[in-house]
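S.K.: Following this message is one structure expressed as structure tokens.
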Amino acid sequence: MGAAGSKLEKALGDQFPEGERYFGLENFGNTCYCNSVLQALYFCVPFREQLLEYYSSNKNGVDAEDNLLTCLADLFTQISSQKKKTGVIAPKRFVQRLKKQNELFRSYMHQDAHEFLNFLLNELVDILEKEAQAAKNDAETSSPSEKTANGPKNPQANGVKKEPLVTWVHKNFQGILTNETRCLRCETVTARDETFFDLSLDIEQNSSITSCLKNFSSTETLNAEDKFFCDKCCSLQEAQKRMKIKKPPHILVIHLKRFKYIEQLGRYKKLSYRVVFPLELKLSNTVEDADLEYSLFAVVVHVGSGPNHGHYVSLVKSHSHWLFFDDENVEMIDESAVQTFFGSAQEFSSNTDHGYILFYESLGAGNKS
Ligand SMILES: [Zn+2]
């Protein structure tokens, strides 16, 4: 590992970014789904900085109990405070905690990186909300608050909470979608908002993220068994529905639905479709008219031909160069190599490495075109 480290250092030479650390993560038996997502999150700089800040201001807490948030913060702190610039770290505590917490991730079977990312972000939010609630209770009663750590999950349905707490996880990843339904009998438009941490997009052969996003926001007609209950008509009616992005997130995470259930086969199949993801993305299906510009900084890649086996690696942009993380190994890659992960234009191709989760950071509003 020393040799690999020095190879990367040599490749970067005096371009090695000041204060940055490039560490591979040890694999504990099929934990590449976890490693690949952790690297993408580590190089999500605003998220990393806020996590490190959270950790340094909370580590002196008396009743600091291990949870996924503290384990993640501890891992990121370990990486960022290494004396060496490159090497390998074992995310043992984090993986142990993850397996303890969720039986889904306990087996040695191949896991889904997107499911893991989703679980992790929701878990971090839960922990931060409980901490904020406990702090509030402490302040209100000034008596020791009741421990709610192992209590039941918030039983309230989505959107019922009076004042949803906005944590730094929300500030980074949360966006709001609005689902507009127009009744075709009375023309009443009903808008329902829902929050998201990532967008899951259906994909088509030889397409692009822009076209997938366009399909995502295209108008759909609800009819036949799928009619819409219109409150004004007080009955089921045909309606037109469309999804738009009401509040774009700072970090836009796009999940490509490459694993599709094929009814005739009775199982999931991996779609190796070619879906072009640009380095700079313009988001145009928003409620506001202005195009928003995003820049790609990480890609979680699924390697393999099927959904139940395979491997995950990640591509990460740090400062102005691209790195390839494959568990313990870290290498520099050329920016042009990113396009080799778009997918295959032919159904049977020897290329089985495909972009699966994309991470874009907002650059703000662009020029209206
Ligand atoms: Zn109606």
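S.K.: Which shape class applies to segment 242-300: rounded if a/c is under 1.5, otherwise prolate when a/b exceeds b/c and oblate if not, where a ≥ b ≥ c are the square roots of the Cα gyration tensor eigenvalues? Before the final figure, lay out the partial values.
M.R.: Numbers: a/c = 3.01, a/b = 1.85, b/c = 1.63.
Here segment 242-300 falls in the prolate category.
S.K.: Could you derive backbone 3J(HN,Hα) for segment 198-213 from the dihedral phi with the Karplus parameters 6.51, -1.76 and 1.60 (θ = phi - 60°), listing whole Hz in sequence and x where the residue is Gly or Pro?
M.R.: Result, rounded to whole Hz: 8, 9, 9, 10, 5, 10, 10, 5, 6, 10, 9, 4, 4, 6, 5, 5.
S.K.: Would you please classify the overall shape of segment 18-86 from the alpha carbon gyration tensor, given that a ≥ b ≥ c denote the square roots of the eigenvalues, rounded means a/c under 1.5, and beyond that prolate means a/b larger than b/c while oblate covers the rest? Kindly include the intermediate steps, with their values, before the conclusion.
M.R.: Details: a/c = 1.82, a/b = 1.26, b/c = 1.45.
Here segment 18-86 falls in the oblate category.
S.K.: Let me ask you something else. Counting Lys and Arg as +1 and Asp and Glu as -1, each charge on the Cβ, what is the dipole of segment 257-302 about the Cα centre in debye, to the nearest 20? It would help to have the intermediate numbers written out before the result.
M.R.: Values: 8 positive and 6 negative charges, 141 e Å.
Its charge dipole is roughly 680 debye.
S.K.: Label Phe259 and Lys247 with points 7 Å out from Cα along Cα→Cβ: what is the distance between them in nm?
M.R.: Rounded to a tenth, the inter-label distance reads 3.1 nm.
S.K.: Looking at Tyr54, Ser6, Asn30, which one has the Cα that reaches farthest to the positive end of the dipole of segment 1-145 (charges on Cβ: Lys, Arg +1; Asp, Glu -1)?
M.R.: Ser6
S.K.: Could you sort 290-301, 9-20 so that the peptide with the highest average Cβ count within 10 Å comes first and the rest follow in order? Write out the running numbers ahead of the final one.
M.R.: Working: 290-301: 20.8, 9-20: 11.0.
For the peptides 290-301, 9-20, the packing ranking is 290-301, 9-20.
S.K.: I've got another one for you. For segment 42-121, what percent of Cα pairs sit more than 17 Å apart? Numbers along the way, then the final one.
M.R.: Numbers: 1692 of 3160 pairs.
Value for segment 42-121 (Cα pairs over 17 Å): 54 percent.
S.K.: For the pair Glu220/Ser235, report the inter-label distance in nm, with labels modelled 7 Å from Cα in the Cβ direction.
M.R.: 2.5 nm
S.K.: Is the shape of segment 160-274 best called rounded, prolate or oblate, per the rule: a/c under 1.5 gives rounded, else a/b larger than b/c gives prolate, else oblate, with a ≥ b ≥ c the square roots of the Cα gyration tensor eigenvalues? Each step should come with its number before you reach the end.
M.R.: Values: a/c = 2.02, a/b = 1.13, b/c = 1.79.
Oblate, since a/c reaches 1.5 and b/c is not below a/b.
S.K.: Now, a different point. Within the P(r) computed for the chain, what percentage of the Cα pairs occupies the region above 29 Å? Intermediate values should be presented prior to the final figure.
M.R.: Values: 32798 of 67896 pairs.
Distances greater than 29 Å cover 48 percent of the Cα pairs.
S.K.: Using a Förster radius of 45 Å, what is the FRET efficiency between Gln96 and Asp291 based on their Cβ-Cβ separation? Nearest 0.05, please. Could the numbers behind the result be given before it?
M.R.: Working: r = 44 Å, r/R0 = 0.98.
It comes to 0.50.
Every number here is computed from the coordinates shown, using simple stated rules; none is lab data. It should be emphasised that the depicted structure is a prediction, and the values quoted were computed from it without experimental measurement. Glycine also receives a Cβ, built like all others from the backbone with ideal geometry; neighbour counts cover every protein chain displayed.
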